[in-house]
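> Submitted below is the structure of interest, expressed as structure tokens.
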Amino acid sequence: MPTRKTLSAEDWISAAFRALSQGGAQAIRAEAIARDLKVSKGSFYWHFRDVPALKAQMLAHWQYLATDAIISDVEAIGTTPREQLQALVIEATGVPSSAYGGDRTESAIREWARHDAKTAAILKSVDERRLAYLVQLFRTCGQSADRSGTNARILYGALIGLEILASQSLADVRASMLELLANLLGEYPGAGVL
């Protein structure tokens, strides 16, 4: 059985994400997560002052892993903006780690934000950062400011919607996103339809 010395804050954070993806924000409770980790509830307090502190660290962790780290990876590629957009789509549509709740985590965070102002503020910040990065990449592909903004919103909105469809086995997110990206870049037969 793990003890507070063998569990890290990240272990608790990933367990909290699993709880969130399975039962929503109300499932983020120290006792339930401790049970999942097979440790005492007292072990929780070794890393966190209280559940709101855990939630704040969860959101900061998600913001870094699901946005900042992905953008850094794409920037490190150092290829053309078109290839960076393709790499971004591939990275964003990769199989989410089951350690962090899998493919239901992002939609669970969006649901959580509907009922929690702090989460909503962080989600808005993440959405703005992601959209601004997409606009930047479309701009460096030579698109106008208006077209870049529109295409960024179309691509990002499609990702959010396709993730919901994929959870019901109704879409192949990566294939659909790459096809949409090609269309938005004018590289797909019939491009310009949008």
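The values are calculated or read from the model by the stated rules, or taken from the named source; none is laboratory data. No experiment lies behind these values; they were computed from the predicted model shown. Cβ placement follows ideal geometry from the backbone for every residue including glycine, while neighbour counts extend to all protein chains displayed. For accessibility, only protein heavy atoms count, side chains too; no ligands or nucleic acids. Shrake-Rupley method; radii C 1.70, N 1.55, O 1.52, S 1.80 Å.
> List the trypsin sites (Lys or Arg not before Pro) in the stretch 1-84 that DSSP assigns to loop (not H, G, I, E or B) and whose Cβ has at most 15 other Cβ atoms within 10 Å. Which are they?
On the way: sites: Arg4, Lys5, Arg18, Arg29, Arg35, Lys38, Lys41, Arg49, Lys55, Arg82; in loops: Arg4, Lys5, Arg29, Lys38, Arg49.
Answer by residue number: Arg4, Lys5, Lys38, Arg49.
> Modelling each spin label as a point 7 Å along the Cα-to-Cβ direction, I'd like the Ser169/Asp68 distance in nm, to one decimal.
3.9
> Another question, if that's okay. With a 1.4 Å probe and every protein chain left in place, work out the accessible area per residue of the stretch 1-135 in Å², rounded to a whole number.
In whole numbers, the stretch 1-135 has 54 Å² accessible per residue.
> Under a Cβ-only charge scheme (Lys and Arg +1, Asp and Glu -1), can you give me the dipole magnitude of the chain about the Cα centre, in debye to the nearest 20?
On the way: 21 positive and 21 negative charges, 149 e Å.
So the magnitude is around 720 debye.
> Also: Report which label in (i) 12.1; (ii) 15.8; (iii) 9.9 holds the value of mean projected area of the Cα convex hull in nm² derived from the coordinates of this structure.
(i)
> Counting other Cβ atoms within 10 Å, keep those with at most 15, restrict to DSSP loop, and tell me which trypsin sites (Lys or Arg not before Pro) in the stretch 95-186 are left. Walk me through the intermediate numbers first.
Values: sites: Arg104, Arg110, Arg114, Lys118, Lys124, Arg129, Arg130, Arg139, Arg147, Arg153, Arg174; in loops: Arg114.
Those satisfying the criteria are Arg114.
> Also: To the nearest µm²/s, what D does Stokes-Einstein give for the stretch 118-193 at 20 °C and 1.002 mPa s, using the Kirkwood radius over alpha carbon pairs as Rh? Don't skip to the answer; put the middle values down first.
Working: Rh = 13.3 Å.
In µm²/s, the coefficient is 161.
> At a 1.4 Å probe, what is the % contribution of carbon and sulfur to the accessible area of the chain? Working shown, then result.
Values: 5660 of 10470 Å².
Summing carbon and sulfur atoms, their accessible area is 54 percent of the total for the chain.
> With runs of 4+ DSSP H residues as the only contributors, calculate the mean residue ellipticity of the chain at 222 nm using -39,500 (n - 2.57) per run, divided by the residue total and rounded to the nearest 500. Walk me through the intermediate numbers first.
On the way: 10 runs with 131 residues, N = 194.
So the helix-based figure for the chain works out to -21500 deg cm²/dmol.
> Measuring from a point 7 Å past the Cα of Arg49 along Cα-to-C-beta, which residues in the stretch 93-118 have an amide N at less than 17 Å?
Only 118 fall inside the zone, counting backbone N under 17 Å.
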